[in-house]
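Chemist: One structure is given below, represented as structure tokens, and several questions about it will come after.
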Amino acid sequence: MKVAVLGTGAAGLALAVMLARDGHEPVLWSPSGKGIGPLQSAPLRAIGILDEEHAVAVAGDIADAVANVDTVILALPAMGHRAVMDALAPHLRTGQTIIISSQASLGALYLQRLLAARRIHLPIVGWSTTLLRARKTANAEVRIATIRKKVDLAVLPVDLADAGLATCRALFGDRFNTRSDLLAVSLSNINPQSHMALALLNFTRMELAEKWNQSDCSTEAVQRLNDALDAERMQIAAAFGLKVRSLQEHSEQTHGAAKPQVVTYGPATTETRYTLEDVPFGLVPILAIARIAGVAVPFHDAGLRMFSALYGRDFATENDLLPDLELEELAAADFLKICREGFAAT
């Protein structure tokens, strides 16, 4: 299958490796253009749990990247989703499948609204998290630490769920659990809460550029905060009548029964996605959804306020996806309907 992978960070490169090793034809595109240069003269190399290299195609223009592909995967940080979706939408056509790795801040709704204006009807698949845990180690090299055993997904609109799931399985195998709708998969993403607990309680380690083992520093106190955040997330889901997996279930479906053997070091800087991405595009949408549900989430709210104070910036204003969705006045039932059916064609 021909697949455009939009993004040349760790997530994009790791997915391209997986696709190429299974006989698919990935083409990589970089929003800045910088990420594809090294791949024009060198193969893409994977190290870690995989040790292999592949020659992969690259595209300098987003229109060229998606022109002749069956599937498009967005594999970039959430703060880049809107700009790429705005650039991507005019070039998509009915018959293609879009995968967002991973779904953040109801971004699938933002893209679907753009496509509805063009009367384009296609499956937009939102993953609850990335399929692989990876870090970019060089311009054309990625270290893959984990291939997750199971990832939750949802398809917008739900009438195309079977088609979206079939595409994911054709590309990556039987690694997916289908959730009922976009809201369920959004509430299945545990990264914002787990990164909040870990980063908040190890903030000075990041600020002082210490080398710290995430597992060792996920102490009992960190876990208690994680559990409190998890309880709030589960309460939001219950208010909408949704079933989502717990933090413990997420860990088991990522690693299986055994604990991970690979040592993962925490960020040695405060310029990290754990906060700069997961606060505005993780905690902020959780708070917006909680308001619609009428559920109090004091720990999530405190996290947003504390990180804003620590950084001296208002993270609540940095989300560029939510404002255009105009969710503030929606009743819970209307919001849930949009998360299942999308916006009507205009």
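The numbers here are math on the coordinates, done by the rules we state, and not lab data. In this text the structure is predicted, and so the values were computed from the model without any measurement. Reconstructed Cβ throughout: ideal geometry from the backbone, glycine too, with neighbour counts over all protein chains shown.
Chemist: If I take every Cα pair under 8 Å that is 6 or more residues apart in the chain, average their sequence separation and divide by the length, what percent do I get for the relative contact order?
Modeler: Relative contact order comes out at 17 percent.
Chemist: DSSP loop trypsin sites (Lys or Arg not before Pro) in the stretch 258-337 with at most 15 other Cβ atoms within 10 Å of their Cβ, which ones? Mind showing how you got there, number by number?
Modeler: Numbers: sites: Arg273, Arg291, Arg305, Arg313, Lys337; in loops: Arg313.
When the trypsin sites (Lys or Arg not before Pro) of the stretch 258-337 are filtered for loop state and at most 15 Cβ neighbours within 10 Å, Arg313 remain.
Chemist: Which order do the peptides 11-22, 216-227 come out in when sorted by mean C-beta neighbours inside 10 angstrom, highest first?
Modeler: Values: 11-22: 23.2, 216-227: 14.0.
The packing order, highest mean first, is 11-22, 216-227.
Chemist: So what's the back-of-envelope 222 nm ellipticity for the chain, counting only DSSP H runs of four-plus at -39500 (n - 2.57) apiece and dividing by all residues, rounded to 500? Mind dumping the intermediate values first?
Modeler: Details: 15 runs with 140 residues, N = 346.
Taken over the chain, the calculation gives -11500 deg cm²/dmol.
Chemist: Please list the three semi-axes, largest first and in whole Å, of the ellipsoid equivalent to the stretch 45-98, using sqrt of 5 times the eigenvalues of its alpha carbon gyration tensor. Walk me through the intermediate numbers first.
Modeler: Values: eigenvalues 120, 46, 23 Å².
They are 25, 15, 11 Å, listed largest first.
Chemist: Can I ask one more? How big is the Cα convex hull of the chain in projection, averaged over all directions, in nm²? Don't skip to the answer; put the middle values down first.
Modeler: Working: hull surface 64.3 nm².
So the mean shadow area of the Cα hull is 16.1 nm².
Chemist: How would you classify the stretch 20-136 from its alpha-carbon gyration tensor, with a ≥ b ≥ c the square roots of the eigenvalues: rounded for a/c under 1.5, else prolate if a/b is greater than b/c, otherwise oblate?
Modeler: prolate
Chemist: Gaussian network model of the chain, Cα springs within a sub-10 Å range: biggest mean-square fluctuation belongs to which of Leu187, Leu109, Leu201?
Modeler: Highest fluctuation among the options: Leu201.
Chemist: Counting alpha carbon pairs within less than 8 Å and at least 6 residues apart, what relative contact order, in whole percent, applies to the stretch 2-180? Don't skip to the answer; put the middle values down first.
Modeler: On the way: 380 pairs, mean separation 40.1, N = 179.
The value is 22 percent.
Chemist: Please find the FRET efficiency linking Gln223 to Ala67, where r is the Cβ-Cβ separation and R0 is fixed at 45 Å, and quote it to the nearest 0.05. Please report the intermediate quantities before stating the final value.
Modeler: Values: r = 48 Å, r/R0 = 1.06.
Efficiency at R0 = 45 Å is approximately 0.40.
Chemist: Taking Cα centroids, how far is the stretch 328-346 from the stretch 189-220 in Å?
Modeler: 36
Chemist: Just Asn191, Asn68, Asn177 to compare: in a GNM of the chain, with alpha carbon springs under 10 Å, which one fluctuates most?
Modeler: Asn68
Chemist: Another one. Relative contact order for the stretch 79-163: what is it in percent, counting Cα pairs under 8 Å that are at least 6 residues apart?
Modeler: Details: 113 pairs, mean separation 23.3, N = 85.
Dividing the mean separation by the residue count of the stretch 79-163 yields 27 percent.
Chemist: Quick check on the stretch 199-306: take the gyration tensor over C-alpha atoms, sort the square-rooted eigenvalues as a ≥ b ≥ c, and tell me if it's rounded (a/c under 1.5), prolate or oblate. Numbers along the way, then the final one.
Modeler: On the way: a/c = 2.31, a/b = 1.34, b/c = 1.72.
Because a/c hits 1.5 or more and a/b fails to exceed b/c, the stretch 199-306 counts as oblate.
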